[in-house]
Every structure is written in structure tokens, then in C-alpha cells.
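Where a number appears in this text, it was derived from the coordinates with a stated rule and is not lab data. Computed from a predicted model, the values in this text were never measured in an experiment. Reconstructed Cβ throughout: ideal geometry from the backbone, glycine too, with neighbour counts over all protein chains shown.
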Amino acid sequence: MAEAMDQELEQQRKKRKKGAEEIEGVVGVSSDEGGDDVDRGGEVMETTGKTGEKKRKGETKPEKEEAETEGVELLQDPLVVFGSEIMMIILNYLDARSVALSLLVSRGWHGVASSDRLWSTKCEELWLGKAHIPRSSQVRGLSKSTAYSLSVMDGKRDRITKYDLCDHVWEFHFNEAAPEYWRNLDPYWKRTGPPMRRYFHLDGSQTAEPGDEVWGGHESCYSIVTSFVGEGKIREHYVRINRWPRMSVLRKQDWSWEMSNYLFCYSSIPDADNGGTDFPAKLGACPYIGQC
């Protein structure tokens, strides 16, 4: 019985060996001989022999080395390939957000992308057409990238402070709903001269220019009221002059301010229209105004 089983197993081994030889004959390649094989991409590969190494048929050694060299060049850092000066020119064509992201690439990129020469241009583009440039961005010794960031954050602010009031000159005029007597005194409605101007001071007072018929030399003070609800959200925010109706506050796209109610309106004058100087430096022009 045991001999019969051994014979049967021997016959099965012979059949498997014969089948393997037939398969090798069909493929035309043995494990010990050279020949051609086909890779999964359908290209003919040349088998070198026992080592099993394959290379693309028709590919010479210089071509292979050239392909490898091209691959290495494609992986090189553009900063290394072009240099800092050319990279500075390239980054100058990008928007500010893209330049800011390039700061995170590497130390080398950070050194180029944080250059004041590069961000000075970005700041000029941002400030173009803006009524007011934030004082926080004009601090001496501040990097231009930081100045840009501070300017963007300040431009999104819609809550006015007393420093905003005191830092600008304000045009004042009555609205159409105001009494006709007041409008007849207002050059804005009579079109007989420039609009009236108002000045705010850190001590809480407000003044006007000499000869202002509407002002009349009376005392005036202002207050800023802000109330909050849960999670720091603003419920109310307004400015009040004496006991006159409260004025709502609006921040415009050019970063100027407007405060108004149904009787009158205040509009901040762009810095460029003030001769390029800030209001506190011009306070001496008005005899009623002390240092802000």
C-alpha cells in the first residue's frame, strides 16, 4: 500500500516538472538564459541572465545617465537654481498671500520672501487709494511685512476709538432732515465755500475753526459708547456729541470713517487732502485747539 502511494506521488512530481518545462518553452525564456521579456507597460525588456536585472531595449548608457541627471535637476530648489535676486523678481509678481506662504518653505526662502524691498511694494499697493494709513504700520524700525499685516487687520476694524477721532480732520454738514435755518448757514447746502470742519481731542472736547457760523463758540464734548453681548459680540456702537442724537459709525472700503444721524454727518478727510500731514501736527492752525 505504501509503495503504491509513493509511486503515485512520484508521477505527480514528474507531471508538474513537465508542465513547467512546457511553459518555459512557450515563453521562450528560462531562468538561466538571456532573452527578451515584456514589462507591464508593453515595452520590450532585455533580461541580462541569472541576475534577473532588466533594462529597456535600445536604451544606451549615456541616455540613461542623461535621464537621471534631468530628474535630479527637476528636483532642485528654485532658489538654488535662480539665485535670490531672480527669485525676488519672481515673488514680486505674486500676490501678498502667496508671498506670505513662501515664507514657510525654508530658511532660505524666508530670507528672500521677508525682504523689506519686496514688502515695500506690497504695502504701496495695499495703501493705494486709502484715506488713512494706520499709525501702527508707520512705527520706525518695523518690518514692511509686519506693517502690511497690521494694515490689513486695521482695515477690517469697524469699531472707532477716540484715537481715530483725534487723528483725523472731519468734515461736517447737516442732512436734509435738519431745520432749514441750519441748512441755510451750512456752506455744504449753500455751496458758498468749503465744508465746515470739526476737530476732536483726547480730553473729550470738540472744536471748530474760527468764524464758523454754525459752531457759535459753544462748548462741545463727545462720547463713544460700545455695548457687548455674549462671546464679545458688539450689540451697539455709536458716538454722541453733547446730548444730540447718537451717530452710527461706518467704516468705508477706503478705510475712511463716517458718523451720522438724521440731523448731521461727519466724514473723515483723507490724509492726502490735509497736505500729507497728520491732524495732531496741524492743530496749531486753529487757535481754539490745544495739543491733542
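Couple of notes before you dig in:
- Simple spin-label estimate for Arg13 and Phe82 in nanometres, 7 Å along Cα-Cβ: 7.0 nm
- When the pairs Lys130/Lys162; Lys130/Lys190; Lys144/Lys233; Lys122/Lys252; Lys130/Lys233 are compared against a 23 Å limit on Cα-Cα distance, Lys130/Lys190; Lys144/Lys233; Lys130/Lys233 fall above it.
- For the stretch 124-259, size of Cβ-based charge dipole, Lys and Arg +1, Asp and Glu -1, in debye: 400 debye
- Mean Cβ neighbour count within 10 Å, used as a protection proxy, ranking 193-199, 234-240 highest first: 193-199, 234-240
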